[in-house]
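Inspection log for the structure reproduced underneath, given as structure tokens.
Each reported figure results from applying straightforward, stated rules to the coordinates on display, with no laboratory input. The structure displayed is predicted, hence computed values, not measured ones. Here the Cβ positions follow ideal geometry from the backbone for every residue, glycine too, while neighbour counts run over all protein chains shown.
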Amino acid sequence: MAEKWIATLSIGWGRLVRASAFGALAIGGAIFAALALPIAPIKSAWWNTVTDIQGEFKEEIGWPELVETVANIYAALPAEDRSQTGIMTGNYGEAGAINLYGPAYGLPEAISGINSYWLRGYGEPPRQNLILLDMLPDSAFEKCQLAGRVTNLYGVRNEETSHPDIYLCRRMRQPWPEFWKRMRRFG
């Protein structure tokens, strides 16, 4: 309908209407990109505005550092312990970071009880030791120790830095099915 209407206009007015429409689309696309794509420099005024609108952008800040820290903890384990050690996360962001960047470090896939990650289970064979992210150790293990801390180069406060402690817990005291029932969470 718009094209038929533009065809009734003089050549000059038709070009002006078309140019205005394409200009409006270009401006809309630029605004969309500025707000919906992670292209703003971190900690800039633009970044602050975007993260007020789209808070998930700041949640990915620090993922490479997080995975590198976990990889260093994992690599420091004796070889026989590594095959018995899994990585359990308390949120899907950390699980996603481990699964995205972890293969480059030889890390096992993340285990998590959050949302649909719980349905994926705890893997076979079940691990007897766990590196815990966003989780406090409990009596399910014989021994737990603080093994590292989550940081990011930009000092951005996000879900990972709000609970920075990483624990290495050894020797589960209870069977995995019993432990796993308690791990299901929604968030």
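Overview of results
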quantity: Nitroxide proxy distance, nm - points 7 Å out along Cα→Cβ at Tyr105 and Phe22; calculated: 4.9
quantity: Gaussian network model of the chain, Cα within-10 Å springs - most flexible of Ala24, Ala110, Ala97; calculated: Ala24
quantity: Phi-based couplings in Hz for the range 175-187 (Karplus 6.51, -1.76, 1.60; Gly and Pro marked x); calculated: x, 4, x, 5, 4, 5, 4, 7, 8, 5, 9, 10, x
quantity: Between the range 161-186 and the range 122-146, the alpha-carbon center distance in angstrom; calculated: 5
quantity: Three-way shape label, the range 62-125, alpha-carbon gyration tensor, a/c 1.5; calculated: oblate
quantity: Separation of the Arg171 and Glu80 label points, Cα + 7 Å toward Cβ, nm; calculated: 1.3
quantity: Counting DSSP beta bridges with both ends in the range 59-183, the antiparallel % (nearest 5); calculated: 60
quantity: Using θ = phi - 60° and Karplus 6.51 cos²θ - 1.76 cosθ + 1.60, couplings along the range 134-141 (whole Hz; Gly, Pro as x); calculated: 6, 8, 8, x, 9, 6, 6, 10
quantity: Under-5 Å amide H pairs with Ala110, H placed in peptide plane, nonlocal only; calculated: Asn99
quantity: Entry for Kirkwood radius over Cα pairs in Å (calculated from the structure that is shown) out of [x] 17.3; [y] 19.5; [z] 22.5; calculated: [y]
quantity: Highest-MSF residue in the chain out of Thr49, Thr85, Thr69 [GNM, Cα springs under 10 Å]; calculated: Thr49
quantity: Cut-off under 5 Å, modelled amide H: who pairs with Ala147 long-range; calculated: Ile166, Tyr167, Leu168
quantity: Trp46-Glu178 pseudo-label distance in nm [points 7 Å out on the Cα-to-Cβ vector]; calculated: 5.6
quantity: Spatially proximal lysines relative to Lys4 (Cα-Cα < 16 Å; intrachain offsets below 8 disregarded); calculated: none
quantity: Angle between the chain longest axis and helix 11-36 axis [Cα atoms, degrees, rounded to 10]; calculated: 10
quantity: Cα-based reach from Lys58 at 15 Å (exclusive), listing aspartates and glutamates while leaving out same-chain residues under 8 positions away; calculated: Glu94, Glu159, Glu160
quantity: Stretchable slack from Leu146 to Ala7, in nm (0.36 nm times residue separation minus alpha-carbon distance); calculated: 42.8 nm
quantity: Surrounding net charge for Asp134, when Lys and Arg each add one and Asp and Glu each subtract one, Cβ distance under 10 Å; calculated: -4
quantity: Gain in span if fully extended, Leu153 to Leu35, counting 0.36 nm per residue against the direct Cα distance; calculated: 40.2 nm
quantity: Most mobile listed residue (Gly90, Gly23, Gly102) in the chain, GNM with C-alpha springs under 10 Å; calculated: Gly23
quantity: Computed E for Ser139/Phe186 - FRET, C-beta separation, R0 25 angstrom, nearest 0.05; calculated: 0.60
quantity: Likely footprinting exposure, Val17, Val150, fewest C-beta neighbours within 10 Å first; calculated: Val17, Val150
